[in-house]
Amino acid sequence: MRIHSLYSCALSLLLSLPWVARAETFTLPLLPYPSDALAPHIDAATMNIHHGKHHQAYVNNLNAEVAKDARLADKNLLQILEAISAYAPAVRNNAGGHFNHSLFWQVMAAPSDVGEMSDALSAQINADFGSIDAFKTQFSEAASKIFGSGWAWLMVNAEGKLQITTTANQDNPLMDTVTPRGTPILGLDVWEHAYYLNYQNKRVDYIAAWWNVVNWDAVSARFAATR
């Protein structure tokens, strides 16, 4: 099935990155830009807390779970996620939190460094959503309607098409407990800790501002890796 080839592509891309390591070596990845680089859309205080406190906690808690479960010792992060139903809820929460945040930092950039969509990605978005503007509207609406905490995703599905989906808490489309599944190429964190200092309860304003820092070069590369 095509879903397996998509996961193989995701593995080849993501396993080359330092944050997808063997379980005993999980560490907090460095931000790929200064903490104030996304301002004014995402402020430095939020980034410092979000990255240095929240993401660090997911890494620490995941490593604690690895120490308790010998089955995890020789697994990389993607292997854990794809068989997440076999492990304790704390593994699901913290492995998901580590993966999701690691991707989140990578698909953002300073407004001057966001680049442009590749022709291939732009063509696929137009084919699957009708237009770039229609895609952004649908994605923003999906993110705004998530009840409580969660994530909005643009993923490549089993048919090779782009699909917008959402997950609760720290779940993501790679997990075998999630439907639909696919390879995420863009993710937006709508937990309140991602935006509350600057936007308070105005999630819609945060989502609108976030589009200014989406790293289209990175998203295009992730899309290309699934082809």
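Data for the structure
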{"quantity": "Pairwise label distance in nanometres, F147 with D36, each label 7 Å out on the Cα-Cβ vector", "calculated": "4.1"}
{"quantity": "Number of Lys pairs (Cα under 28 Å; 8 or more positions apart or on different chains) in the chain", "calculated": "9"}
{"quantity": "Diffusion coefficient, µm² s⁻¹, Stokes-Einstein with Kirkwood Rh over alpha-carbon pairs of the stretch 112-224 at 10 °C and 1.306 mPa s", "calculated": "110"}
{"quantity": "Calculated FRET efficiency for the pair A88/D133, C-beta based, R₀ 45 Å, to 0.05", "calculated": "0.60"}
{"quantity": "Summed residue charge, Cβ within 11 Å of L81's Cβ, Lys/Arg positive, Asp/Glu negative", "calculated": "0"}
{"quantity": "Cut-off 14 Å between beta-carbons: net charge of the residues surrounding S102, Lys and Arg +1, Asp and Glu -1", "calculated": "0"}
{"quantity": "Fluctuation leader among F26, F147, F129 - the chain, Gaussian network, Cα springs under 10 angstrom", "calculated": "F147"}
{"quantity": "Options (i) 8, 35, 39, 17, 1; (ii) 7, 28, 32, 24, 7, 2, 0; (iii) 7, 30, 33, 18, 7, 5, 1, 0 - which one matches P(r) over Cα pairs in 10 Å bins from 0, in percent as calculated here", "calculated": "(i)"}
{"quantity": "Estimated dipole of the chain in Debye, rounded to 20 [Cβ of Lys and Arg +1, of Asp and Glu -1, Cα centre]", "calculated": "440"}
{"quantity": "Sites V204 and R71, calculated FRET efficiency, Cβ-Cβ separation with R0 41 Å, nearest 0.05", "calculated": "0.45"}
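Bear in mind that the values in this text are calculations on the coordinates, not laboratory data. In this text the structure is predicted, and so the values were computed from the model without any measurement. Virtual Cβ from ideal backbone geometry, glycine too; neighbours counted across all protein chains shown.
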